[in-house]
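**Q** Just dropping this structure here.
The values are calculated or read from the model by the stated rules, or taken from the named source; none is laboratory data. Please read these numbers as outputs of a predicted model, since none were measured by experiment. Positions of Cβ are generated from backbone atoms using ideal geometry, with glycine treated the same way; all protein chains shown enter the neighbour counts.
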Amino acid sequence: MQVAQDKRAQSWESRPWFDRPPWRGGVHWRFPLRRRSHEPSAPVCYAFRVLLERYVYPALKEPLLEAYEMAFEAAYIVLHPFVRVPDELSWERTRQYPSDADVFAHGSKCKWAEAARGAEIRNCASMSQALLTAIGSIDEFLRDPSASAALQKYLQAAPIWMPTEGRFEPLLQADLLAAFTAAGHTELIHVPEFPEREPIATLQVADVEGSFPERGTLLAPDRSFLFTVDWDSFFTLFYGPRAFVDEVVKSRGLEGFFAEKETEHSWFNWKMGCATCTVSPDGWQAG
């Protein structure tokens, strides 16, 4: 059995990462295993689509830096900002989350560090845990009801709303597009969350603002960097060369932190060894 596994590894380890089968141990890391066909080659456009399908959100139980066959030097966890609004759009006045139109017109970013100080939450891992508890997206034994209640009390007393989860945060959309412009790209590739159900599309950066994809992956045409978001997540992953990612993060003031070697999707659960995220609020801002 070991000999057979070694031979299988030798058959693809020497090939470029983008031409390797996207499975680990015989099991596809995102979708059911797709075996190669022995029929004549498909059209180039189809082959390119199959290649791009691999840029969906990474496997949840593997270190983030191991995603995409370790093609990217760095991964930055971009925290979705809280939404500061005028008093007339606050919870106390409306009891209703503001629409995207209202957020674009009247909303502004509120950093996790500020919300944490107001709610007396000690670090970003605990803040993420409080947010996930609030939407009921983690198992009961992982929840922190006291932190969630403290956060709710703070937000209800202030004209501030929770970040959005599971999609590209509206207040970050301009920042994401700015990265493509900074890299000299006029186009981006949108890989939907389920590319077998929805088409992969090439979009003009200048035209995306009015019809921004809700979720999935935004990929540079040269595949040098990407942004990707998953359901029930209050953050977006930013993969790319470390220097470029750092430049964009600093120029756009993106709050978050770089993934370490063992950081996984469930980085909020650092107490159980799932993430190396124990920084204080003062350390959340890159730079």
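**Q** From the set of residues in segment 253-286 that are more than 16 Å from PHE234 (Cα to Cα), at pLDDT 50 or above and among the charged types (D, E, K, R), which is surrounded by the fewest Cβ atoms within 10 Å (Cβ to Cβ)?
**A** It comes out as LYS261.
**Q** Going residue by residue through segment 185-199, is there one that turns out to be buried (at least 19 other Cβ atoms within 10 Å of the Cβ), farther than 23 Å from ASP246 by Cα and not acidic (Asp, Glu)?
**A** Checked segment 185-199: at least one residue is buried (at least 19 other Cβ atoms within 10 Å of the Cβ), farther than 23 Å from ASP246 by Cα and not acidic (Asp, Glu).
**Q** Another question about this same structure. Please identify the pairs in which a residue from segment 181-201 that is farther than 9 Å from GLY216 by Cα has its Cβ atom under 8 Å from the Cβ atom of a residue that is part of a loop (DSSP other than H, G, I, E, B) and of a type in the set (Asp, Glu), counting only partners at least 6 apart or on another chain.
**A** From residues that are farther than 9 Å from GLY216 by Cα, the pairs are HIS185/ASP222.
**Q** Assess whether GLN173 counts as being more than 20 Å from the chain's Cα centre (by Cα), surrounded by fewer than 19 Cβ atoms within 10 Å (Cβ to Cβ) and of a type outside the set (A, V, I, L, M, F, W, C).
**A** Taking the combined requirement at face value, the residue does not satisfy it.
**Q** Of everything in segment 235-252 that's outside any strand (DSSP E or B) and in contact with a Gly (Cβ under 9 Å, 6 or more places away or on another chain), which residue is surrounded by the fewest Cβ atoms within 10 Å (Cβ to Cβ)? Walk me through it before giving the result.
**A** Looking only at segment 235-252, we keep the residues that are outside any strand (DSSP E or B), and these are 241-252.
Subsequent filtering for residues that are in contact with a Gly (Cβ under 9 Å, 6 or more places away or on another chain) retains 246, 248-250.
On the way: ASP246: 16, VAL248: 23, VAL249: 23, LYS250: 12.
So, considering only residues that are outside any strand (DSSP E or B) and in contact with a Gly (Cβ under 9 Å, 6 or more places away or on another chain), the one surrounded by the fewest Cβ atoms within 10 Å (Cβ to Cβ) is LYS250.
**Q** If you take the residues of segment 206-223 that are in contact with a helix residue (DSSP H, G or I) (Cβ under 8 Å, 6 or more places away or on another chain) and within 17 Å of THR236 (Cβ to Cβ), which of them is modelled with the lowest pLDDT?
**A** Step one: filter segment 206-223 for residues in contact with a helix residue (DSSP H, G or I) (Cβ under 8 Å, 6 or more places away or on another chain), giving 208-209, 212, 217-220, 223.
Narrowing further to those that are within 17 Å of THR236 (Cβ to Cβ): 208-209, 212, 217-220.
Working: VAL208: 91, GLU209: 79, PHE212: 95, THR217: 97, LEU218: 97, LEU219: 97, ALA220: 97.
Out of the qualifying residues, it is GLU209.
**Q** Is it true that ALA101 is in contact with a helix residue (DSSP H, G or I) (Cβ under 6 Å, 6 or more places away or on another chain), of a type outside the set (Lys, Arg) and either assigned by TED's automatic domain parsing to the domain that holds GLY240 or loosely packed, with under 13 Cβ neighbours inside 10 Å (or both)? Give the derivation first.
**A** Numbers: in contact with a helix residue (DSSP H, G or I) (Cβ under 6 Å, 6 or more places away or on another chain): no; of a type outside the set (Lys, Arg): yes; either assigned by TED's automatic domain parsing to the domain that holds GLY240 or loosely packed, with under 13 Cβ neighbours inside 10 Å (or both): yes.
When the stated conditions are applied, ALA101 does not pass them.
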